[in-house]
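Encoded as structure tokens, the structure appears first; notes follow it.
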Amino acid sequence: MVERRAEHAVKFFYSHLFWHNPGVRDLFPVSSEDMERQRDRLFAALTHVVSRLDDDAAIGPYLHDLGRDHRKFLIRPEHYAVVGSSLLAALAATSGDAWTPQVEKAWTEAYQVIADAMLAGAGASEDPPWWDAEVVRHLQYGQDIGVLTLRPHAPFPYLPGQYTSVSSERVPRTWRTYSIGNAPRPDGTVDLHVSRIDRGRLSTALVSETQPGEVLKLGAAGGQLTFRRSDRPVSLIAAGTGWAPIRALLEELADRPPDQDVRLFVVARDGAHLYDRPLIDAYGTSCGWLDVTYITPAPGRHRNEATDRLATALSNRGLWPDQDVYLSGPAQFIDETAHLLEELGARPARLFHDSVPAGGPGHEQPGRPLGFGEWFLNRPAPHWHNPSARAPKEH
Ligand SMILES: Cc1cc2nc3c(=O)[nH]c(=O)nc-3n(C[C@H](O)[C@H](O)[C@H](O)COP(=O)(O)OP(=O)(O)OC[C@H]3O[C@@H](n4cnc5c(N)ncnc54)[C@H](O)[C@@H]3O)c2cc1C
Ligand code: HEM
């Protein structure tokens, strides 16, 4: 019933929250477009989690991590009570006669279970709420790509292939996700490969404005694009700055060479976007187990041609059912390539990637990929790799 009247409920929820707790507005992003997005996210998250509390074993660890991660939004324990009051007020106002004392009691208890789980996650974490990290280098490749090297002020744990969330004082209270472009280094520095999106708030600030000496904030690393050692052949497929986590995986493999062959496909919209080509060539030469294929459109041709060329290259290279495939790039690229690979016989349970387009497979909704939290709550059909804590099943 509430979902049918979601728009009304969400407006009521935020009006109630900000009217009764004016300071809470300052915790949310300044931009109205971000707030529109947030309206959907927080409220949808609350209602989704409540409806899954009984039957989803993964919800406990998820809420634990979500609570830990909310510390970077400066959320304090007392905020949970005021959000709970506004949620209940919004549900009551939207449910009409269906809002009986029993229903109210059930929602109150359910919210308390969620808040307790998130607060327990926040309280148990020994990590800082975020890591301050100084920009020590900014390499620019053309207008649109910047590789930032950051030095976190405290040890920052992550695995090769994972991502982190990033925030800059230039765009206050706005967090976006970026893959870490290297395996852990002795000096603790991390690289982010950022592609500037037209009118994109944080990517523009990072690529076009951020200078060495500035301090960014990093959230806890996450994501499941980590290497699974197996005896199966491996393909790594990267597009655009999706190269970043694949580069991290390759660094790990170069350090501890795999027993099997690895095929690397690097897709770029043009030569300028093959910004790491010298390094990739060096890997291709020095690693006997690595076979590299570059895919770019012919000069002057539309960039969609790269996708066609990728399709041809993948079709020409058989044996997909036997492979572990790691995919990284824009959400639409992942969506299209995963479908193509499945048509070629690749096993869905052996396709590993982090983000899927909003709406999941079959829904053509271009735009911003889902963050981990949002993705989890809109989990796609089971044949997609699930980047939550569970290991993928073998089919
Ligand atoms: C798991 C994961 C890993 C990621 N890793 C990287 C990475 O390594 N490097 C990197 O550059 N980015 C990466 N991203 C994307 C990144 O998180 C941001 O979404 C991107 O930088 C845009 O943020 P913004 O603030 O600049 O744009 P926003 O201000 O959020 O968006 C501006 C406008 O552009 C649209 N838009 C946003 N993103 C896209 C897009 N990708 N394609 C088309 N339209 C879009 C929005 O709908 C909006 O209308 C990753 C995303 C995820 C989920
Ligand atoms: C109690 C249950 C809660 C749930 C289920 C929940 C869920 C979420 C989710 C899924 C996100 C998106 C994060 C991501 O993409 O990884 C989010 C972001 C956020 N939440 Fe919560 N949240 C809860 C409580 C709260 C509370 C109590 C506050 C305090 C006001 C709060 C404030 C925020 C803020 C400020 C953001 C970031 C906004 C942005 O980046 O646009 N949340 N929340």
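Using R₀ = 45 Å, calculate the FRET efficiency as 1/(1 + (r/R₀)^6) where r is the Cβ-Cβ separation of TRP19 and VAL215; round to 0.05.
Step by step, r from the Cβ atoms, then E = 0.85.
Could you order the peptides 333-346, 14-27 from most to least packed, using the average number of other C-beta atoms within 10 Å per residue?
On the way: 333-346: 18.8, 14-27: 14.2.
Descending mean neighbour count gives 333-346, 14-27.
Mind checking the full-extension length gain between ASP198 and VAL30? Use 0.36 nm per residue of separation minus the Cα-Cα distance, one decimal, nm.
Result for the pair: 58.6 nm of gain on full extension.
Taking 7 Å along the Cα-to-C-beta vector as the label spot, tell me the LYS11-ASP187 distance in nanometres, rounded to one decimal.
Label-label distance for LYS11 and ASP187, simple model: 5.4 nm.
Could you check the spin-label model distance between LYS105 and PHE73? Points 7 Å from the Cα along Cα→Cβ, value in nm.
About 3.1 nm, to one decimal.
Quick check: residue separation of VAL136 and ALA254 times 0.36 nm, minus the Cα distance between them. What number comes out in nm?
40.0 nm
Given N residues in segment 3-124, what is Rg(Cα) / (2.2 N^0.38 Å)?
Normalised Rg, Cα atoms only: 1.04.
Using R₀ = 51 Å, calculate the FRET efficiency as 1/(1 + (r/R₀)^6) where r is the Cβ-Cβ separation of ARG170 and ASP97; round to 0.05.
Numbers: r = 49 Å, r/R0 = 0.97.
For R0 = 51 Å, the calculated efficiency reads 0.55.
Distance in nm between label sites at VAL113 and SER208, each 7 Å beyond Cα in the beta-carbon direction?
Each label point lies 7 Å from its Cα, and together they span 4.8 nm.
Mind listing the long-range amide H neighbours of VAL267? Cut-off is under 5 Å, sequence gap 5 or more, other chains count too, H placed in the peptide plane at 1.01 Å from N.
So VAL267 has HN proximity to ALA238, ALA239, GLY240, ILE295.
Ranking GLU209, GLU214 by Cβ neighbours within 10 Å, fewest first, what do you get?
The order, fewest Cβ neighbours first, is GLU209, GLU214.
Only the coordinates and a few stated rules stand behind these numbers; no lab work does. All of these numbers come straight from a predicted model, not from anything done at the bench. So basically every Cβ, Gly included, is an ideal-geometry build from the backbone, and we count neighbours across all protein chains shown.
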